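What follows draws every value from the coordinates through simple rules; no lab data is involved. Treat the numbers as computed from the prediction; the structure is a model and nothing was measured. Positions of Cβ are generated from backbone atoms using ideal geometry, with glycine treated the same way; all protein chains shown enter the neighbour counts.
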Amino acid sequence: MRKALVLAAIMLQVIVLAYMAGEREHILKNGKVILLRTAPIDPRDLFRGDYVRLNYEISRIGVDQLKGTETRKEIIKGDTIFVSLQEGPNGLYEFANAQLQKPKDGLYLAGRALHPQHSLLPGNPIWINYGIEAYFVEQGTGSDIEKRRGTRTGVQVPLEMEVAVSSTGKAVIKGYRWSPIGIGLQVLRSQQLNPQDPQTPKSATVRLTLANASDKPLAIVDLPNYCSFSLEPVQWAKQKWAPAHSPCGLALPTDFDIITLAPQQEKSVDIDFSSDRWLVRTDGNVSEIGALDWSEQFRIVYSPPNEKDCLHLEQRDLIWHGRLASRVFHGRGQID
């Protein structure tokens, strides 16, 4: 009897594994193929071979982005969260909305809440696992991917994962490509506070670097007044921060605003967050970002004019169009 039970348990495991393998192959063959931007964070698993761990732009969302929570006070680990996606520039799919109920239509991923519980209060990010957080690679190549991805304090080149998605929101990785453009963030001056001089800067100065990570010439647009760049609060911010000033109008870019980068060439801009250009506002209150609570974090986003607005430019065919965000940071100079 005992031997029969053991055999039955083994057979059940074989059936389950066979079903999982068959489901995976079905999704790879029939699922809708999309691209998701991500950054690898760990190149190696000593027990299972080389792999790259992945952290997607949609892996962390804000509480206020999650619909259907009116009757709940917290999210429990393992809860299913459905994240709807929309297509953006360069074929990359981006976050559209999230909810606890299965969407009636559209493309979505079914993920699981990672932490034991999340209070549904502003400022509490929700981490989501979609089952595509590990990409196994050929033995010995994981460290090569990590090296190309870049260092924490240097320029990082995003991986863009090719993912097949089923009609039920399950996803399987098919492959990847590299973003043609990388971004780096370096602190030049941390927050300066002097109790005797309230006029000293409360915010940091940083250097943002864009790099041509492709093997062909690539052009970026550097508009006056830093208008190719925006300061955006993270999705889980407690407050809805917006720019206090809007110096960027609707003027079209000129050929003088275009910078052509050879392969591996970089362009850097220095940003002083204590200047008026980067002040933020919420509920009528204006502030430097370095004076805010530690929970209030931001990203710098490079977003050049769209293709239509660049048709008159000589180097229009070389311009990279899209949206590229820096690492998360606090205004006092701490980078996540």
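Helix 2-30 versus the longest principal axis of the chain: what angle, 0 to 90°, nearest 10, using Cα atoms?
Helix 2-30 sits roughly 40 degrees off the main axis of the chain.
³J(HN,Hα) across segment 171-182 via Karplus (A = 6.51, B = -1.76, C = 1.60, θ = phi - 60°), whole Hz, x for Gly/Pro?
After applying 6.51 cos²θ - 1.76 cosθ + 1.60, I find 10, 9, 6, 9, x, 7, 9, 8, 5, x, 10, x Hz.
Would you please give the residues with an amide H less than 5 Å from that of ALA244, counting only those at least 5 places away or on a separate chain, with H modeled from the backbone geometry?
Here LEU279, VAL280, ARG281 satisfy the definition.
Can you give the net charge of the other residues whose Cβ lies under 13 Å from the Cβ of TRP294, counting K and R as +1 and D and E as -1?
Charge balance in the 13 Å sphere: -1.
So what J values fall out for segment 85-93 if you push phi through Karplus, 6.51 cos²θ - 1.76 cosθ + 1.60 with θ = phi - 60°, rounded to Hz, Gly and Pro as x?
Going residue by residue, I get 10, 9, 7, x, x, 6, x, 7, 9 Hz, with x marking Gly and Pro.
Nothing charged except the Cβ atoms of Lys and Arg (+1) and of Asp and Glu (-1): what's the magnitude of the dipole of segment 181-325 about its Cα centre? Round to the nearest 20 debye.
Using only the charged Cβ atoms, the result is roughly 300 debye.
Over the Cα atoms, compute the radius of gyration (one decimal) and Dmax (the largest Cα-Cα distance, rounded to a whole number) for segment 185-335, in Å.
Cα only, segment 185-335: 16.6, 54 Å (Rg, Dmax).
Debye sum, Cα scatterers, the chain, no solvent: what log₁₀ I/I(0) at q = 0.07, 0.09, 0.12, 0.13 1/Å?
Here the Debye-derived log intensity ratios amount to -0.35, -0.58, -0.99, -1.15.
Return the unpartnered cysteines for the chain, using a Cβ-Cβ cut-off of under 4.7 Å.
CYS310
Please pull out the direction-averaged projected area of segment 32-178, using the convex hull of its alpha-carbon atoms, in nm² to one decimal place.
Answer in nm², one decimal: 9.7.
From the cross-link list LYS67/LYS102; LYS32/LYS308; LYS77/LYS240; LYS104/LYS170, which pairs have alpha carbons spaced over 18 Å apart?
With Cα atoms farther than 18 Å apart: LYS32/LYS308; LYS77/LYS240.
Looking at the chain as a GNM with Cα springs under 10 Å, which of GLU138, GLU25, GLU87 has the largest mean-square fluctuation?
GLU138
For LYS267, list the lysines whose Cα falls under 22 Å from its own Cα; do not include residues on the same chain fewer than 8 positions away.
LYS147, LYS216
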